[in-house]
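**Student:** Handing you this structure, nothing more for now.
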Amino acid sequence: MEHHFDWVKGKKMHPLWQSPLSIPGGTRQSPINIQWRDSIYDPFLKPLKISYDPTTCLHIWNNGYSFLVEFDDSADRSVITGGPLENQYRLKQFHFHWGAINEWGSEHTVDSKVYPAELHLVHWNAVVYPTFEEAVMEGNGLAVIGVFLKLGEHHEGLQMLVDALPAVKHKFDVFDPSCLIPSCPDYWTYAGSLTTPPLTESVTWIIKKKPIEVDENQVNFAFRMLLFTSDGEEEKRMVDNFRPLQPLMNRTVRSSFQ
Ligand SMILES: NS(=O)(=O)c1ccc(C(=O)N2CCN(Cc3ccccc3)C2)cc1
Ligand SMILES: [Zn+2]
């Protein structure tokens, strides 16, 4: 799929959505820097309840600016509930954001610390909305779990994805994405938006405090060998697919931990 780039004086620029330009009138845009000491402990926040059915995993594919692993969301088989959420949300897909080198790549930052990559597990409110596309347009439509990746030990679960990547549309038998989520229950949560078009302000963000560890080869092979372009075009490595930080404006980040 052709990646829409913006041209300025004949130079390929990053796609529009990566410019600092926030959408007109946007008051809850993402990503943001999470200032740990400014986050407010909320004792009423419940533990997040995650129950995924590994057989709902469909396939992995490259959508031009990331690679996604999509799930069968036709029933309540892989769901999250609790945490800051009023309803149960269905898992639709997960994807990553990463940089060309390990110095950057994550979308959110913590006390201005950038991680080499960030995982997003995307869920939608199927209790209230009939389709994902409609939920994308509503303030309580989506819930995304963000998990930071840091360099360290080899990660067995990620390795299964790395091994599947060469085949663009790789049929998965089973994959349980909870193996990519740290067991530590602590998270921050805030009201935000999609970080890619249509940038709608429909996401309840749940950012895990603990990162997962992956080794250097996994980052290099999992992410940096992917291409933005489709066959026949000059090769453009798929890197730096993260949006710049957005203003916090009148928002509070709550923490589930003291
Ligand atoms: N980085 S992120 O976690 O914020 C994120 C980014 C993209 C998506 C995503 O699957 N889509 C965004 C909307 N798009 C399709 C669509 C739907 C309605 C209207 C227009 C377009 C699919 C989900 C989460
Ligand atoms: Zn994302």
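Taken together, the values in this text are just the output of simple stated rules run on the coordinates, not laboratory data. A quick note: this is a predicted structure, and the numbers were derived from the prediction, not measured. Every residue, glycine as well, gets a Cβ built from its backbone with ideal geometry; the counts of neighbours run over all protein chains shown.
**Student:** Most exposed first by the Cβ proxy, i.e. fewest other Cβ within 10 Å, how do His108, His95, His59 rank?
**Tutor:** Values: His108 25, His95 19, His59 15.
Exposure proxy ranking, most exposed first: His59, His95, His108.
**Student:** Can you give the longest stretch of the chain with no exposed loop site, where a site means chymotrypsin sites (Phe, Trp or Tyr not before Pro) in a DSSP loop (not H, G, I, E or B) with at most 15 other C-beta atoms within 10 Å?
**Tutor:** Numbers: sites that count: Phe5, Phe44, Phe257.
No qualifying site falls inside 45-256, the longest such stretch.
**Student:** Calculate I(q)/I(0) for the range 28-166 by the Debye formula, one identical point scatterer on each C-alpha and no solvent, and give its log10 at q = 0.17, 0.19, 0.21 Å⁻¹ to two decimals.
**Tutor:** Per q value, in the given order, log10 I(q)/I(0) is -1.14, -1.36, -1.49.
**Student:** Grab every C-alpha pair in the chain, bin the distances at 10 angstrom width from 0 up to the longest one, and report whole percents.
**Tutor:** 7, 31, 39, 20, 3, 0
**Student:** For the chain, set up a Gaussian network in which alpha carbons nearer than 10 Å are linked by springs, and say which option among Ile60, Ile40, Ile80 fluctuates the most.
**Tutor:** Of Ile60, Ile40, Ile80, the most mobile in the Gaussian network model is Ile40.
**Student:** Then there is this: Using helices alone, I'd like the mean residue ellipticity at 222 nm for the chain: each DSSP H run of four-plus residues gives -39500 (n - 2.57), total over residue count, nearest 500. Write out the running numbers ahead of the final one.
**Tutor:** Working: 3 runs with 20 residues, N = 258.
Taken over the chain, the calculation gives -2000 deg cm²/dmol.
**Student:** May I pose another question? Write out the trypsin sites (Lys or Arg not before Pro) in the range 29-126 meeting two conditions: DSSP loop, and at most 16 other Cβ atoms within 10 Å of their Cβ. Before the final figure, lay out each step's value.
**Tutor:** On the way: sites: Arg37, Lys49, Arg77, Arg90, Lys92, Lys113; in loops: Arg77.
Sparse-neighbourhood loop trypsin sites (Lys or Arg not before Pro): Arg77.
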